[in-house]
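Q: Pasting a structure below so you can have a look.
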Amino acid sequence: ACTHLGALDLGKCTHGALLRNISELNVIVQTSLIDMYVKCGYLEKGLSLFKKMTKRNQMSYTVMISGLAMQGHGEEALGIYSMMLEEGLDPDDVVYVGVLSSCSHAGLVDEGFNCFDRMKSEHGIEPTAQHYGCMVDLMGKAGMINEALEFINSMPIKPNDVVWRSLLSACRVHCNLEIGEIAAKHLFESNSQNAGDYVILSNMYARAEKWVEVAKIRTEMARKGFNQVPGFSLVEVGRRIHKFVSQDTSHPRCGSVYEMIHQMEWQLKFEGYSPDTSQVLLDVDEEEKRQRLKGHSQKLAIAFALIHTSKGTPIRIARNLRMCSDCHTYTKLISIIYERDITVRDRNQFHHFKNGTCSCRDYW
């Protein structure tokens, strides 16, 4: 539960209780602790526990490789993978998902293709749709959209929704509407029940200012009874998890939060911040777009944490949806102004903001 919520302080308390009451933790509990620490953004502690383990199994390595992948440490993840091979443990298909994901997150295209070939030739593992999805994600993040489509068309197995969704997400990032429409068409023909597929295509049309197409997609969503999942951010303050949704007015402290947002934006102007209104994919005027950007859930969670934690305390946030580029720029500048380390778990990737930079090196 702590892992899922990103509740690091509660996770630490649980770890302490285990140490006080159990003389020796078995490999399963140790692996679960490592998983909790890395998925709560405390990579150093997870690595420390991993290195102290006297006995490691396949799952221990899988958790560590996947954890490093989420943090964008692709080369380190490949180092742990090499250590696993040196210990004589054979990787399975799950390990290779972590290895390929680490290459994808860090932009290690050549290394990813080498691992993909090695999986088949050296370890006799037949790639699944999940592995192919990782490869499409790898190429897509690197901007190799045409190559990704060619790769899909050459697959020996029928591409599933995961593969097409990876391509669609890459098309959104790199604004390739033409191939994005192809990926979306395959998803819709497979009777995808994922409302996010429709939302991504709708947002791509909105970015291209094709409002008639936006209306068609939204109408189709309504006809099928699909609801867009609202974006939210979770932040742990005082060992309690506080949840904020975009434009939130339901939180009991929302008055002070929006007052803090106003102060933050005043400070941001001196750092040269200008809201990226292209991230608001609605046919409204510029002022309305700026107001909507101001109320993004991540910004509200940061404001709340700045109010209720002491100076220098790290801020950790978990999101259910990918952050927009405006929130990314905003958070980098806030880390300078307020001298805070801010960690954001963006679905399956971590962003560590410190002194105006992000651990993803803006590759996301």
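The values are calculated or read from the model by the stated rules, or taken from the named source; none is laboratory data. Please read these numbers as outputs of a predicted model, since none were measured by experiment. Every residue, glycine among them, receives a Cβ derived from its backbone with ideal geometry; neighbour counts consider all protein chains shown. Heavy atoms of the whole protein, side chains included, go into the accessibility calculation; ligands, DNA and RNA do not. Shrake-Rupley method; radii C 1.70, N 1.55, O 1.52, S 1.80 Å.
Q: In this structure, does GLU126 turn out to be surrounded by fewer than 21 Cβ atoms within 10 Å (Cβ to Cβ), among the charged types (D, E, K, R) and either closer than 23 Å to CYS360 by Cβ or within 24 Å of the chain's Cα centre (by Cα) (or both)?
A: Against the criterion (surrounded by fewer than 21 Cβ atoms within 10 Å (Cβ to Cβ), among the charged types (D, E, K, R) and either closer than 23 Å to CYS360 by Cβ or within 24 Å of the chain's Cα centre (by Cα) (or both)), GLU126 does not qualify.
Q: Follow-up. Cβ contacts < 8 Å: first residue among the hydroxyl-bearing types (Ser, Thr, Tyr), restricted to segment 207-236; second residue assigned to a helix (DSSP H, G or I) and surrounded by 12 or more Cβ atoms within 10 Å (Cβ to Cβ), any location; separation 6+ or different chain. Result?
A: Within 8 Å, the pairs are SER233/SER297; SER233/GLN298; SER233/LEU300; SER233/ALA301.
Q: Quick one: in segment 255-267, of everything that is more than 11 Å from ILE302 (Cα to Cα) and touching a Phe, Trp or Tyr at 6+ places or on another chain (Cβ under 9 Å), which residue is surrounded by the most Cβ atoms within 10 Å (Cβ to Cβ)?
A: Out of the qualifying residues, it is GLU265.
Here is a yes/no grid of residues against (1) within 23 Å of the chain's Cα centre (by Cα); (2) surrounded by fewer than 18 Cβ atoms within 10 Å (Cβ to Cβ); (3) among the aliphatic types (A, V, I, L, M); (4) in a helix (DSSP H, G or I):
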site	(1), (2), (3), (4)
LYS158	no, yes, no, no
LEU167	yes, no, yes, yes
ARG172	yes, no, no, yes
LYS185	no, yes, no, yes
PHE188	no, yes, no, yes
ASP197	yes, no, no, yes
GLU209	no, yes, no, no
GLU213	no, yes, no, yes
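Q: Checking GLN247 against (1) touching a Gly at 6+ places or on another chain (Cβ under 7 Å); (2) open to solvent by less than 70 Å² (accessible area, probe 1.4 Å), which single condition isn't satisfied?
A: (2)
Q: Spot the failing condition for VAL99; the list is (1) open to solvent by less than 30 Å² (accessible area, probe 1.4 Å); (2) farther than 28 Å from HIS4 by Cβ, and only one is missed.
A: (2)
Q: Also, quick follow-up: Being at pLDDT 90 or above and acidic (Asp, Glu) is the filter here, so list the residues in segment 162-191 that pass it.
A: Of everything in segment 162-191, those that are at pLDDT 90 or above and acidic (Asp, Glu) turn out to be GLU178, GLU181.
Q: Could I ask something else about it? Has segment 24-36 got at least one residue that is in contact with a Cys (Cβ under 8 Å, 6 or more places away or on another chain), within 26 Å of ASP90 (Cα to Cα), without any contact (Cβ under 8 Å) to a residue 60 or more places away in the chain and not assigned by the TED database to the domain that holds ASN320?
A: Within segment 24-36, one or more residues are in contact with a Cys (Cβ under 8 Å, 6 or more places away or on another chain), within 26 Å of ASP90 (Cα to Cα), without any contact (Cβ under 8 Å) to a residue 60 or more places away in the chain and not assigned by the TED database to the domain that holds ASN320.
Residue by residue, here is whether (1) in contact with a Gly (Cβ under 9 Å, 6 or more places away or on another chain); (2) open to solvent by less than 10 Å² (accessible area, probe 1.4 Å); (3) in the same structural domain as ASN348 (by the TED database); (4) at pLDDT 90 or above holds:
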position	(1), (2), (3), (4)
GLN71	yes, yes, no, no
GLU75	no, no, no, no
HIS105	yes, no, no, no
ASP110	no, no, no, yes
LYS141	yes, no, no, no
ILE152	no, yes, no, yes
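Q: Can I ask one more? Would you confirm whether or not segment 284-304 contains a residue that is at pLDDT 90 or above, among the basic types (Lys, Arg) and open to solvent by 80 Å² or more (accessible area, probe 1.4 Å)?
A: no
Q: Let me ask something additional. Between THR54, THR62, THR31, THR3, which is polar (S, T, N, Q) and open to solvent by 70 Å² or more (accessible area, probe 1.4 Å)?
A: THR54
Q: Any idea which residue in segment 307-317 is farthest from the chain's Cα centre (by Cα), counting only those that are open to solvent by less than 60 Å² (accessible area, probe 1.4 Å) and either within 22 Å of SER166 (Cβ to Cβ) or hydroxyl-bearing (Ser, Thr, Tyr) (or both)?
A: Here the answer is THR309.
Q: If THR343 meets every condition in (1) of a type outside the set (Asp, Glu); (2) in contact with a helix residue (DSSP H, G or I) (Cβ under 8 Å, 6 or more places away or on another chain); (3) part of a strand (DSSP E or B); (4) farther than 22 Å from ASP197 by Cα apart from one, which number is that one?
A: Every listed condition holds for THR343 apart from (2).
Q: Next up: Report, ordered by the first and then the second residue, all pairs with beta carbons closer than 7 Å, sequence separation of six or more or different chains, a first member in segment 170-182 that is among the basic types (Lys, Arg), and a second member that is part of a helix (DSSP H, G or I).
A: ARG172/GLY180; ARG172/ILE200; ARG172/ASN203; ARG172/MET204
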